[in-house]
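Colleague: Submitted below is the structure of interest, expressed as structure tokens.
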Amino acid sequence: MKFRVKSLFMSLSLIAVIALVLAGCGKDQASSGSNASGGSGNQASSSAGNLLEQVKKNGKIKVGLMGTYAPYNFLNDKKEVDGYDADIAKAIAKKLGVEAEFITGEFSGLIEGLQQGKYDVLISQVTITDDRKKTMDFSEPYIKNSVNVVVKSDNDTIKSIDDFKGKKIGVGLGTNDEKYLRDEAMPKVGKFEIATYNDVISSLMDLNTGRIDATINNMFALKPLIDQNHLKIKAVGDSIKDDYAGVAMRKNNPELLDAINKALDEMKTDGTLKEIHQKWFGVDPSF
């Protein structure tokens, strides 16, 4: 009886050892398979990471813009995205052999949306700055904008940013102009209040009614809004600064960046850029 128990015990032990060995082999194989799969996944991710290939495969490029910033980008009477930026986007898309799909949103959320993959690019007067270059890439400029101080027509006390001290100044939320007011203008001229807006027309309406004392913007952007809404406001003094807007995209997409730069170069050479600029502003590009 003891012998039989002992034999049974040895048999069970041998089975347990064999099971452990097989489990170990299975684990090694699974691990090996996982590594192979991981490598394949990384390659797929690398391939998927070529945004230009994705855009061409999809047949469209997702373009983020405000849709509230005439004449750069706005909704026309047919509720279609229109304007200078829209025409630039369509021309670039055509050069890439795809269509432009427009997705509108408030400017303050466009950059975050870009980083999250909601858009392939931003073509919405995103000013090229050193700070922004740290988190995204830009094409070469597709427009130059001169920024002026803008006040009510009957305001003769504010003639430049030097007169901003103690005043209430309106500006677009999250824009390069807001950063300029906080980082450059205020340290230079003294403390003033900054009121931020999600769209340009709201700031202009507040300026027109005296809720703010001034704003800063460029007259390319403001003229159609001034005319349409019969606003009694004016630009004063020399331009504060010249801004250059480019096509913004997530970092590490060199293929798409090169393709867009090539498209813009062709647009400058074949007259497309000049034609679009003339259409919306009545003057030739100044860069």
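The values are calculated or read from the model by the stated rules, or taken from the named source; none is laboratory data. Fair warning: this is a prediction, and the values are worked out from it, not measured in the lab. Every residue, glycine among them, receives a Cβ derived from its backbone with ideal geometry; neighbour counts consider all protein chains shown. The protein model used for the area step is the full one, side chains on, heavy atoms only, and it has no ligands, DNA or RNA in it. Shrake-Rupley method; radii C 1.70, N 1.55, O 1.52, S 1.80 Å.
Colleague: What is the spin-label model distance, in nm, from residue 202 to residue 133 if the labels are put 7 Å beyond Cα along the C-beta direction?
Modeller: About 3.2 nm separates the two model spin labels.
Colleague: Whenever you get a sec, compute what percent of the accessible area on the range 143-240 sits on carbon and sulfur atoms (1.4 Å probe).
Modeller: 45 percent
Colleague: Quote the FRET efficiency, to the nearest 0.05, computed for residue 54 versus residue 106 with a Förster distance R0 of 30 Å and r equal to the Cβ-Cβ distance.
Modeller: E between residue 54 and residue 106, to the nearest 0.05, is 0.70.
Colleague: Counting only the backbone N, which residues of the range 91-115 are under 11 Å from the spot 7 Å out from the Cα of residue 75 toward its beta-carbon?
Modeller: The answer is 104-105, whose backbone nitrogens lie closer than 11 Å to the label point.
Colleague: Something else now. Quick one: if the Förster radius is 41 Å, what FRET efficiency do residue 211 and residue 144 give, using the C-beta to C-beta distance and rounding to 0.05?
Modeller: Step by step, r from the Cβ atoms, then E = 0.85.
Colleague: Distance from the Cα centre of the range 91-138 to that of the range 233-247, in angstrom?
Modeller: 21 Å
Colleague: List the trypsin sites (Lys or Arg not before Pro) within the range 49-109 that fall in a DSSP loop (any state other than H, G, I, E or B) and whose Cβ has at most 12 other Cβ atoms within 10 Å.
Modeller: Filter output for the range 49-109: 78, 79.
Colleague: Run the reach check for residue 232 against aspartates and glutamates, Cα to Cα strictly under 12 Å, same-chain hits fewer than 8 apart removed. What comes back?
Modeller: Straight-line reach from residue 232, under 12 Å: 154, 206.
Colleague: Set the Förster radius R0 to 30 Å, insert the Cβ-Cβ distance between residue 229 and residue 281 as r into 1/(1 + (r/R0)^6), and round the FRET efficiency to 0.05.
Modeller: Calculated value: 0.95.
Colleague: Skip the ligands, DNA and RNA, and give the accessible area per residue of the range 133-204 with a 1.4 Å probe, whole Å².
Modeller: 47 Å²
Colleague: A follow-up question, please. Label-point separation (nm) for residue 162 and residue 270, each offset 7 Å from Cα along Cα-to-Cβ?
Modeller: Placing both labels 7 Å along Cα→Cβ, they lie 4.9 nm apart.
Colleague: Just subtract the alpha-carbon distance of residue 193 and residue 153 from 0.36 nm times their residue separation and send over the number in nm, one decimal.
Modeller: Full-extension gain reported as 12.3 nm.
Colleague: Restricting to lysines 8 or more places apart or on different chains, can you count the pairs in the range 158-207 with Cα atoms under 14 Å from each other?
Modeller: Lysine pairs, 8 or more places apart or on different chains, close enough: 6.
Colleague: Counting only heavy atoms of the protein chains, get the accessible area per residue of the range 228-287 (1.4 Å probe) and round it to a whole Å² value.
Modeller: Using a 1.4 Å probe on heavy atoms only, each residue of the range 228-287 averages 56 Å².
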